[in-house]
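Heads up: the structure comes next, in structure tokens.
The values are calculated or read from the model by the stated rules, or taken from the named source; none is laboratory data. Small disclaimer: the values here were computed from a predicted structure and weren't measured. Reconstructed Cβ throughout: ideal geometry from the backbone, glycine too, with neighbour counts over all protein chains shown.
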Amino acid sequence: MGSGTSTQHHFAFQNAEKAFRAAALIQRWYRRYVARLEMRRRCTWSIFQSIEYAGQQDQVKLHNFFSYLVDHFTPSSHNERDFLNRMFTEEQPPQASEMQNSGDYESIEVPDSYTGPRLAFPLLPDHATALVEAFRRKQRLHARYVLNLLHEARKHLVQLPNINRVSTCYSEEITVCGDLHGQLDDLIFIFYKNGLPSPERAYVFNGDFVDRGKDSVEILMVLFAFMLVYPKEFHLNRGNHEDHIVNLRYGFTKEVMHKYKIHGKKILKLLQDVFCWLPLATLVDEKVLILHGGVSDRTDLELLAKLDRHKIVSTMRYKTRKENKKQAEEKGNANQTGSAGRPSPWFLPQSRSLPSSPLRPSTHKTHRAGRSSSVPCGVPLDPKELSRRVRHSVDLELERCRQQAGFPAIKEKEEPSSSESEVDSDAEEPPQPTPEEWRQVVDILWSDPMAQEGCRANTVRGGGCYFGPNVTEQLLQKYNLQFLIRSHECKPEGYEFCHSRKVLTIFSASNYYEVGSNRGAYVKLGPDLTPHIMQFQANKATHTLTMRQRISRVEESALRALREKLFAHSSDILVEFKKHDKDETGLITLSDWAAAVESVLHLGLPWRMLRPQLVSSLTDNKLAYKSWLENLAKEKLSQQNIQSSLLETLYRNRSNLETIFRIIDSDHSGSISLDEFRHTWKLFSSHMNIDITDDCICDLARSIDFNKDGHIDINEFLEAFRLVEQSCSGADVSDCP
Amino acid sequence: MADDRDRDEIAVAEFHKKIKEAFEVFDHESNNTVDVREVGTIIRSLGCCPSEGELHDLIAEVEEEEPTGYIRFEKFLPVMTEVLLERRYRPIPEDILLRAFEVLDPAKRGFLSKDELIKYMTEEGEPFSQEEMEEMLSAAIDPESNSVLYKDYITMMVIDEN
């Protein structure tokens, strides 16, 4: 009997032990699975961010590129000079008289057949609520009301100070929201979850209302409507995307023109003005500072409070004054002495690695060490004058690089504030911001926090700076503040604290990169000023997906974007591959693959981690690179009429091209002449290592001019391009349109 | 002989690059340190499959004498290189995994009920946290039968990996 029970026990014990070990095995396996998912998620995030920021950097580079071109490209004809000049024609902040015309909505008739929302001014709370409801039902607001609303919004904004002061003793709680980027669903969700604005429920929207998402217009309408209805409780800060030049590239301009074909231009013109009247920051109880980007070690709240914010039309272009012409002249003379052996500007393709190489310190004491890339554009269009300004901007850039390389900053000369006295007699020209004022605004709209101490140029974005915990601390102490709330950066959880919880990033556009990529969040402040964060994700679909599925979807999207980028640089990548394959075996190791790809794309991605998703077949642990590149191309290429390298270049630069086209097409008519197209392409390709003959460009231009009237419809061009890149994979050339 | 050494050197160099890459993904402050709580993820994504106990031992090896909550790359690299060279903590083959599930399902029904899975995962072995359990359930449970059809589950997860 004893042996019976002990055998039973023995078996039981053995079984228990087996179960224990089996469970441990399963857990061990599962934990590894989860870890790999987490790694994939992080890598996916890196891909999106690096591509996004590279795009922003691109835009800044584009402006600098053009100014450099102006300096070195000799217009061979009167036409070409005019063309160039037109690209740099300063867009004046609209004069008051002009504004009357642009805001002229009264003459616009609203047909009886219009079933959308109708607005009457002064707006009542019900109107604003009805507007939200109408947009939720996908209705569109008639252009007349859009203009009317913008007009009223502008009247209100003009009265506001640069730094709005808000107190929690009037409305008990304040809700702060971050970037919305045209994602109306998120705004509606926030109002649904948190409640509509009211005298008891104050809101601050911290910039970047537009671009990228598809409902930027509707978001603006709602925000401005509530601002008019509850002027004391509803506050807006300007973001770096409230800027007509940034809008050219990131979709808002396109959205407006698409939704308002007849009156779009008027709307854009009025918006250009409204944007520069948006306040720059909001201060809660004199303790919590809310602004879009961040701060720098030079941030001066008193200066920011005093400057005329309306002067800063765009943070992408720094406009100089006529008095700078004089300064430039003086510098021009000084420049003659030291220009020998100056390294070429950083934005040229061949000198991409410039910032890390030591530069000889400049002997020019008068240089201003600007932290942001700036393109001086002026009204006088004399080419010599223009090239002097360009040299000035190039010098600024060099100085910035020197600073980055660790050389001490050259002491700056204070910009003479003789702005008023220098006004020319013929200047109906409004006063311009001083360089310092411009920089202050760029800093607060573009900067990002970093973990390390210090303050350095924000090379990733191309504007503003990275500021460390000591900079935050310094600022908070100087102005007796408790903490900062900013936005500007997408975060997986919709928010993030840093600098010992002294800086809170709040981002309200959920699923920003892709469905499931991130949550949105908003923060509530009560009289005790303790931040309470609320998170959300405005897409029900994601709730039912498992973590695995969510990550897969987002990942697929990121990988697609990455493969596009790889394709766009195929020629350069092939060159790099060949360097690693001196014996011409057609094969390279994965290590070399990673090195080559990074050296071309400069995205700083963990290529070895990503390798399994990008490279599928290996021979003997090596990659047959030619066929790998060809496979990338197959996903993109179709038609062979256009030389494939031209296609590649067009594709790589397609968002740049669109931007350029829109800049040239200054009346937003949607078409440019064949000549203008040729000029554009010539200018562009002369600096892009492209062997395209003039004939080829002409052929291309002509083939795109479908109706042979000497004009190219921008939309048709892009459409043609899209058709070319679609389908037709493997099909015969003759089959393609 | 010389070839072997060359090959080893190349292998080590490649391991170093891999380890550095994986480490950098979690080096948020760009100062060559990672939070100790992320080390497990790093090690596992480099191809290893340690148990929690083995992980703790490994962390003890790479931690500072006075634990700071951070792991420095300089300490992590040599230890991790050894792990990779010795091919320690190999991943579990599919068939072994299947047998583990079968041990828990002695009646050979082909599935585990939701409650059974919860019981085993949270009471046996190196128990799951509630979060881990919920996450596993969300993907593993077949909603119609409210159970885990473990063979299908394994197949699905394995495809996912590749």
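Key figures for this structure:
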{"quantity": "Residue that is exposed (fewer than 13 other Cβ atoms within 10 Å of the Cβ), within 13 Å of chain A (Cβ to nearest Cβ) and either closer than 30 Å to A:Glu17 by Cβ or not polar (S, T, N, Q) (or both), where the choices are B:Arg109, B:Arg90", "calculated": "B:Arg90"}
{"quantity": "Some residue of the range A:475-494 being assigned to a strand (DSSP E or B), touching a Cys at 6+ places or on another chain (Cβ under 8 Å) and not aliphatic (A, V, I, L, M)", "calculated": "no"}
{"quantity": "Identity of the residue in the range A:473-496, within 25 Å of the chain's Cα centre (by Cα) and among the basic types (Lys, Arg), that ends up modelled with the lowest pLDDT", "calculated": "A:Lys491"}
{"quantity": "Filter result (buried (at least 19 other Cβ atoms within 10 Å of the Cβ) and either of a type in the set (Gly, Ala, Ser) or more than 12 Å from A:Leu147 (Cα to Cα) (or both)) within the range A:260-272", "calculated": "A:Gly264, A:Gln272"}
{"quantity": "Residues satisfying the stated conditions in the range A:575-604, i.e. more than 14 Å from A:Asn621 (Cβ to Cβ) and part of a loop (DSSP other than H, G, I, E, B)", "calculated": "A:His580, A:Asp581, A:Lys582, A:Asp583, A:Glu584, A:Gly586, A:His602, A:Leu603, A:Gly604"}
{"quantity": "Residues of the range A:591-615 satisfying the condition of being among the hydroxyl-bearing types (Ser, Thr, Tyr) and more than 10 Å from chain B (Cβ to nearest Cβ)", "calculated": "A:Ser599"}
{"quantity": "Residue within the range A:514-521 that is free of Cβ contacts under 8 Å to residues at least 60 places away in the same chain, assigned to a strand (DSSP E or B) and within 23 Å of A:Gln49 (Cβ to Cβ) present", "calculated": "no"}
{"quantity": "Residue in the range A:476-483 that is in contact (Cβ under 8 Å) with a residue 60 or more places away in the chain, among the polar types (S, T, N, Q) and crowded, with 23+ Cβ neighbours inside 10 Å present", "calculated": "no"}
{"quantity": "Total residues in the range B:37-51, condition at negative phi and either at the interface with another protein chain (Cβ under 7 Å from one of its Cβ atoms) or not in a helix (DSSP H, G or I) (or both)", "calculated": "9"}
{"quantity": "Any hit, the range A:140-149, residues being in contact with a helix residue (DSSP H, G or I) (Cβ under 9 Å, 6 or more places away or on another chain), surrounded by fewer than 20 Cβ atoms within 10 Å (Cβ to Cβ) and not in a helix (DSSP H, G or I)", "calculated": "yes"}
{"quantity": "Pairs, first at the interface with chain B (Cβ under 7 Å from one of its Cβ atoms) in the range A:27-38, second among the β-branched types (Val, Ile, Thr) and part of a helix (DSSP H, G or I), C-beta under 6 Å, six or more apart", "calculated": "A:Ala35/B:Thr41; A:Glu38/B:Thr41"}
{"quantity": "Residue within the range B:74-83 that is closer than 27 Å to A:Ile26 by Cβ and within 11 Å of chain A (Cβ to nearest Cβ) present", "calculated": "no"}
{"quantity": "Long-range neighbours under 6 Å by Cβ, at least six apart or interchain, first residue within 16 Å of B:Glu52 (Cα to Cα) and within 10 Å of chain A (Cβ to nearest Cβ) within the range B:121-145, second in a loop (DSSP other than H, G, I, E, B) and aromatic (Phe, Trp, Tyr)", "calculated": "B:Met121/B:Phe128; B:Thr122/B:Phe128"}
{"quantity": "Residue in the range B:54-65 that is at the interface with chain A (Cβ under 9 Å from one of its Cβ atoms) and not acidic (Asp, Glu) present", "calculated": "yes"}
{"quantity": "B:Pro93 being closer than 30 Å to B:Ile141 by Cα and at pLDDT below 90", "calculated": "yes"}
{"quantity": "Restricting the range B:10-36 to residues that are facing chain A (nearest Cβ under 8 Å) and assigned to a loop (DSSP other than H, G, I, E, B), the residue that is nearest to A:His499 (Cα to Cα)", "calculated": "B:Glu29"}
{"quantity": "Number of positions in the range A:258-296 that are without any contact (Cβ under 8 Å) to a residue 24 or more places away in the chain and under 19 Å from A:Glu106 (Cα atoms)", "calculated": "1"}
{"quantity": "Which numbered condition B:Arg7 misses (of (1) more than 13 Å from chain A (Cβ to nearest Cβ); (2) loosely packed, with under 12 Cβ neighbours inside 10 Å)", "calculated": "(1)"}
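Condition check ((1) exposed (fewer than 14 other Cβ atoms within 10 Å of the Cβ); (2) at pLDDT 90 or above; (3) farther than 22 Å from A:Ala35 by Cβ; (4) not aliphatic (A, V, I, L, M)) across all residues:
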{"position": "B:Tyr120", "(1), (2), (3), (4)": "no, yes, no, yes"}
{"position": "B:Gly125", "(1), (2), (3), (4)": "no, yes, no, yes"}
{"position": "B:Ala139", "(1), (2), (3), (4)": "no, no, no, no"}
{"position": "B:Pro143", "(1), (2), (3), (4)": "yes, no, yes, yes"}
{"position": "B:Leu149", "(1), (2), (3), (4)": "no, yes, yes, no"}
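Matching residues to (1) surrounded by fewer than 23 Cβ atoms within 10 Å (Cβ to Cβ); (2) in a helix (DSSP H, G or I); (3) at pLDDT below 80; (4) within 22 Å of the chain's Cα centre (by Cα):
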{"residue": "A:Ala427", "(1), (2), (3), (4)": "yes, no, yes, no"}
{"residue": "A:Pro430", "(1), (2), (3), (4)": "yes, no, yes, no"}
{"residue": "A:Pro433", "(1), (2), (3), (4)": "yes, no, no, no"}
{"residue": "A:Gln440", "(1), (2), (3), (4)": "no, yes, no, yes"}
{"residue": "A:Val471", "(1), (2), (3), (4)": "no, yes, no, no"}
